[in-house]
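Structure, as structure tokens:
The values are calculated or read from the model by the stated rules, or taken from the named source; none is laboratory data. Model, not experiment: these values are computed from the prediction. Ideal geometry is used to build each Cβ from the backbone, glycine not excepted, and the neighbour counts take in all protein chains shown.
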């Protein structure tokens, strides 16, 4: 109680702006205590009430302090704008959150949205505020205001102003060209945003008229709510447009801000119409505490606004991934043939990679030109319609997850069985692709090595380089760690592919290639049309192959500069390098334990490349399709049941 007595003794309504606000900050700190007991905090609030009630002079000082606070601090930003970005752009909000994390706030402010986070600093404040009884809230209200009627009117005016400001922001966002042009113009709600100011003005007039008219007020409230619903319907039509025409992070951020503003309007309207203004005010303040805590998280901002974009990227990958799933024997043989073609091209990639290393460039330029070699060979594989096995999982995982959209329906059992069938098709496809790549890259490398020996009289690589390859691929080293990391890189490349395709569709680049006068003047109409179709079909593959190639080449160089020395182990490339090392060492390699340890690592590298990239892509796709944890457990059980009952179905097509 001594601390409370000191706190009450320091209350000075004539103090400076910052000192008055610091006193409020200290009051909340005292109420929170050690934050271990909500009931203890409520008891301290009651102790504060009792102490002020016993001292009339203290009560007068408190009321004078409160009157000064309410007249100098504008509460409408806290009610209307708190929790929203000052500019409707994702980057500006990210910068604002970073600023709040790095720079301290000041209590010397007349903006309630700046003062409030300094006062209510913890989620614990929500708990003790929510635990206050109505009688205690009414006592606090009576202590703070000498004229309750006037205080209620001031509160209602602040709420109405906040509604007006919030409505203006909603209307401005709804009129933004990037949203307005994507709304369904045929919808009856297309022009709903136009009448919002008139509706809120009508509500203001009906609420504050000298002679209360309940019928007029109800009509104004009903009209306002119906207009909000119409605006919400207009916003929902944008999502249908985005499904077909691509999406951007900035657009998702604007839409989330707009929908949150509409929810804020409903919250303010409920508080305005509440028969218990004090309880409504407390509820609003408690909600602001939650918003303040949520507004601190940078990770939450990125996660919330990237979910829809990730879902769209997953869907783009799903469209591509369908081509990699074989469902019958004919498809299986075709996949095996395409994989063997990919393995043959990878043999040339291996040769070019060793040539780049043999030049002896600096680390960056060696990695850069290695990336060029990888990217060019991957694009060649794509254009020849061959297959690189490790690119499949990150593409096929979203296609697999798309099969689970109806898992909660009445036919969920059949859906789950169909999904398990797809799993068996997928595993078979990837096993065939890996086998085809590895089976073909070894003889192709040996053939290239033989041609070089005939032409130059020496093998593809020297004995020292061959032994270095064995040391880098041995199972006794960190090979499996690098293989798992390569799986993450493969997943990243698939996300870049989905992002690039989404951006290509969003900005209508296919239409630009087909119709832009500058392109048609150079290419001609027919060729421009062919290029448009070609790029629309291949942009995802180009983005994936180029990004994967440069990541394989440059990541070791960049991380080595910082002393991390992260390396990558790609199963087909590693097999080609191992074959080149074996060809260089000749039959002597068969007598070396390092060679067989490297051979043993190849299947494990392939398994980790596939499983890690598939795991991340499948997890993202499950989140995009909102598959619950319970359904995920059902999926695992069904797959294990199929494995126990029909293990060969995962490897041999029917």
- request: Tell me which residues, restricted to the stretch 253-287, are over 24 Å from the mean Cα position of the chain (by Cα) and within 21 Å of residue 173 (Cβ to Cβ).
  value: 265, 266, 267, 268, 269
query: Of all the helices (runs of 4 or more DSSP H) wholly in the stretch 128-210, which have at least 3 residues that are modelled with pLDDT of 90 or more and more than 17 Å from residue 235 (Cβ to Cβ)?
result: 134-144, 148-174, 196-207
- prompt: Of all residues in the stretch 50-73, how many are surrounded by fewer than 16 Cβ atoms within 10 Å (Cβ to Cβ) and either under 40 Å from the mean Cα position of the chain (by Cα) or more than 21 Å from residue 107 (Cα to Cα) (or both)?
  reply: 7
task: Would you mention how many residues in the stretch 1-29 are in contact with a helix residue (DSSP H, G or I) (Cβ under 8 Å, 6 or more places away or on another chain) and over 19 Å from residue 61 (Cα atoms)?
output: 1
task: Would you check if there is a residue in the stretch 545-552 being closer than 30 Å to residue 616 by Cβ, surrounded by fewer than 20 Cβ atoms within 10 Å (Cβ to Cβ), touching a residue at least 60 places away in the same chain (Cβ under 8 Å) and in contact with a helix residue (DSSP H, G or I) (Cβ under 6 Å, 6 or more places away or on another chain)?
output: yes
Pairs with Cβ under 7 Å, 6+ apart, first in the stretch 587-610 and in the same structural domain as residue 489 (by TED's automatic domain parsing) and touching a residue at least 40 places away in the same chain (Cβ under 8 Å), second surrounded by fewer than 22 Cβ atoms within 10 Å (Cβ to Cβ) and assigned to a helix (DSSP H, G or I): 594/471; 595/589; 604/480; 608/480; 608/484
query: Here are some residues: 85, 95. Which one is within 29 Å of the chain's Cα centre (by Cα), crowded, with 18+ Cβ neighbours inside 10 Å and farther than 30 Å from residue 50 by Cα?
result: 85
query: How do the helices (runs of 4 or more DSSP H) wholly within the stretch 10-113 filter down when requiring 1 or more residues that are in contact (Cβ under 8 Å) with a residue 24 or more places away in the chain and more than 26 Å from residue 128 (Cβ to Cβ): which remain?
result: 17-32, 56-72, 90-102
- line: Residue pairs within 6 Å by beta carbon, gap of at least six or interchain, first lying in the stretch 144-157 and under 15 Å from residue 275 (Cα atoms), second assigned to a helix (DSSP H, G or I), listed first then second, are 152/277; 155/277
message: Whether any residue in the stretch 543-554 is outside any helix (DSSP H, G or I), in the same structural domain as residue 594 (by TED's automatic domain parsing), over 25 Å from the mean Cα position of the chain (by Cα) and at pLDDT 90 or above is what I want to check.
response: no
Residue 563, sole failed condition from (1) in contact with a helix residue (DSSP H, G or I) (Cβ under 8 Å, 6 or more places away or on another chain); (2) at positive phi: (1)
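Being surrounded by fewer than 16 Cβ atoms within 10 Å (Cβ to Cβ) and within 22 Å of residue 69 (Cβ to Cβ) is true for just one of 122, 131. Which residue is that?
That would be 122, the only listed residue that is surrounded by fewer than 16 Cβ atoms within 10 Å (Cβ to Cβ) and within 22 Å of residue 69 (Cβ to Cβ).
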Residue, surrounded by the most Cβ atoms within 10 Å (Cβ to Cβ), within the stretch 248-275, restricted to residues that are touching a helix residue (DSSP H, G or I) at 6+ places or on another chain (Cβ under 7 Å) and outside any helix (DSSP H, G or I): 248
task: At least 1 residues that are loosely packed, with under 15 Cβ neighbours inside 10 Å and under 29 Å from the mean Cα position of the chain (by Cα) in each: list the helices (runs of 4 or more DSSP H) lying fully within the stretch 426-515 that qualify.
output: 479-506, 509-515
query: Can you find a residue in the stretch 520-527 that is in contact with a helix residue (DSSP H, G or I) (Cβ under 6 Å, 6 or more places away or on another chain), over 30 Å from residue 454 (Cα atoms) and either in a helix (DSSP H, G or I) or at pLDDT below 90 (or both)?
result: yes
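For the stretch 355-363, indicate whether the set of residues that are buried (at least 19 other Cβ atoms within 10 Å of the Cβ) and at pLDDT 90 or above is non-empty.
Going residue by residue through the stretch 355-363, those that are buried (at least 19 other Cβ atoms within 10 Å of the Cβ) are 356.
Those still in the list that are at pLDDT 90 or above too: 356.
Yes, the conditions are met somewhere in the stretch 355-363.
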task: Considering each of 186, 216, 198 in turn, give the residue that is in the same structural domain as residue 76 (by TED's automatic domain parsing) and either in contact (Cβ under 8 Å) with a residue 12 or more places away in the chain or surrounded by 13 or more Cβ atoms within 10 Å (Cβ to Cβ) (or both).
output: 216
query: For the stretch 589-628, what are the residues that are over 25 Å from residue 388 (Cα atoms), in a helix (DSSP H, G or I) and at pLDDT 75 or above?
result: 589, 590, 591, 593, 594
